[in-house]
Amino acid sequence: MEDWHTFFVPYEQAVSELKIKLKGIRKQFREKGEHSPIEFVTGRVKPEHSIKTKLKRRGISRERLETEMTDIAGLRIMCQFVDDIYKVVELIKKRNDMRVVNELDYIANKKESGYRSYHLIIEYPVQSIDGEKKIYAEIQIRTLAMNFWATIEHSLNYKYQGDFPVEIKQRLINAAEAAYLLDEEMSEIREEIQEAQHMFSHGKGPDFEENIVALYDDIAKNIGG
């Protein structure tokens with residue numbers, strides 16, 4: 001492709017708009033004084049080199065890029081509890097400004113590696129001066145524990161290029177189970193947690209929560225380096 005900048009424009013617009021809309025859901029819950037199933041939202045557009053690598057690996061032609069690579073625009077939603085994930089899925093499905101075209105529940109059906117997350121592929125209409133363009137975007141919905149594990153696994157995968165030593169592979173599986181047990185335990189005491197958070201909420205807004213994830217990411221980079 002000659003002009004990647006032009007190609008990326010609608011995807012960058014989609015990520016920006018979707019972040020605002022998804023954060024808007026969180027804001028509406030909080031303004032009503034209710035627990036928000038969304039803790040925070042991040043987003044990115046897959047970089048050029050990653051797209052080229054994936055095209056080659058999967059044997060996708062340039063002509064089929066926009067229809068077969070559905071994660072060029074990517075959003076990630078973090079939740080406190082596993083039940084929140086399914087609540088978010090239902091909220092997205094009810095919206096009229098995007099359409100769910102595929103979903104993969106890796107929580108009920110975890111991957112062999114131990115990976116857990118809920119993936120939605122949506123079709124989203126981007127409005128521009130040249131008219132409407134419908135593009136695909138992937139939304140990954142996870143708990144903080146699931147995201148921490150996935151971040152570490154991604155870093156190690158980059159280091160070992162998918163060929164994990166047996167010991168590391170087993171430790172990752174064990175860690176994934178431990179993370180899920182943590183989620184289950186937190187769900188058991190959900191009411192107590194939410195009451196405590198409500199009492200402690202003043203001065204601890206979204207920036208505080210996002211700093212936690214930034215810390216997790218820094219740890220992952222150090223381990224993966």
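The values are calculated or read from the model by the stated rules, or taken from the named source; none is laboratory data. Worth saying up front: this structure is predicted, and the values here are computed from it rather than measured. Counting neighbours? That spans all protein chains shown, and the Cβs are built from the backbone with ideal geometry, glycine included. Surface areas here come from the heavy atoms of the whole protein model, side chains and all, with no ligands, DNA or RNA. Shrake-Rupley method; radii C 1.70, N 1.55, O 1.52, S 1.80 Å.
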Open item on the list: Exactly one condition in (1) open to solvent by 70 Å² or more (accessible area, probe 1.4 Å); (2) under 16 Å from residue 138 (Cα atoms) is false for residue 98; which is it?
Closed with: (1)
Open item on the list: Condition (residue is surrounded by 14 or more Cβ atoms within 10 Å (Cβ to Cβ) and under 18 Å from residue 136 (Cβ atoms)) applied to region 26-34: is it met by at least one residue?
Closed with: no
Task: Whichever residue in region 149-169 is of a type in the set (A, V, I, L, M) and open to solvent by 40 Å² or more (accessible area, probe 1.4 Å) and, among such residues, is nearest to residue 107 (Cα to Cα) - done: 168
TODO: Return yes or no: is residue 56 without any contact (Cβ under 8 Å) to a residue 24 or more places away in the chain, closer than 22 Å to residue 127 by Cβ, out of contact with any strand residue (DSSP E or B) (no Cβ under 9 Å at 6 or more places or on another chain) and exposed (fewer than 14 other Cβ atoms within 10 Å of the Cβ)?
DONE: no
Open item on the list: Cβ contacts < 8 Å: first residue under 13 Å from residue 143 (Cβ atoms) and among the aromatic types (Phe, Trp, Tyr), restricted to region 175-191; second residue in a helix (DSSP H, G or I) and open to solvent by less than 60 Å² (accessible area, probe 1.4 Å), any location; separation 6+ or different chain. Result?
Closed with: 180/145; 180/146
TODO: Please indicate, with yes or no, whether at least one residue in region 162-185 is assigned to a helix (DSSP H, G or I) and modelled with pLDDT under 85.
DONE: no
Task: Any chance residue 73 is touching a strand residue (DSSP E or B) at 6+ places or on another chain (Cβ under 7 Å) and surrounded by 15 or more Cβ atoms within 10 Å (Cβ to Cβ) - done: yes
- [ ] Please enumerate the residues belonging to region 8-33 that are on the phi < 0 side of the Ramachandran plot and in contact with a helix residue (DSSP H, G or I) (Cβ under 9 Å, 6 or more places away or on another chain).
- [x] 8, 22, 23, 25, 26
TODO: Enumerate the pairs (first residue in region 27-40 and free of Cβ contacts under 8 Å to residues at least 12 places away in the same chain and under 12 Å from residue 88 (Cβ atoms); second residue anywhere and open to solvent by 10 Å² or more (accessible area, probe 1.4 Å) and in a loop (DSSP other than H, G, I, E, B)) with beta-carbon separation below 8 Å, excluding pairs fewer than 6 apart on the same chain, so at least 6 apart or on different chains.
DONE: 29/35
Open item on the list: Can you say whether residue 159 is farther than 21 Å from residue 78 by Cβ, at pLDDT below 90, basic (Lys, Arg) and assigned to a helix (DSSP H, G or I), as far as the supplied structure shows?
Closed with: yes
Task: Count of residues meeting criterion [hydrophobic (A, V, I, L, M, F, W, C), within 29 Å of residue 180 (Cβ to Cβ), assigned to a strand (DSSP E or B) and out of contact with any Ser or Thr (no Cβ under 8 Å at 6 or more places or on another chain)] in region 107-132 - done: 2
Task: Among the candidates 123, 138, residue that is open to solvent by 20 Å² or more (accessible area, probe 1.4 Å) and closer than 18 Å to residue 41 by Cβ - done: 138
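Here's the yes/no breakdown for (1) within 17 Å of the chain's Cα centre (by Cα); (2) over 26 Å from residue 132 (Cβ atoms):
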{"position": "4", "(1), (2)": "no, no"}
{"position": "7", "(1), (2)": "no, no"}
{"position": "16", "(1), (2)": "yes, no"}
{"position": "38", "(1), (2)": "yes, yes"}
{"position": "46", "(1), (2)": "yes, no"}
{"position": "77", "(1), (2)": "yes, no"}
{"position": "80", "(1), (2)": "yes, yes"}
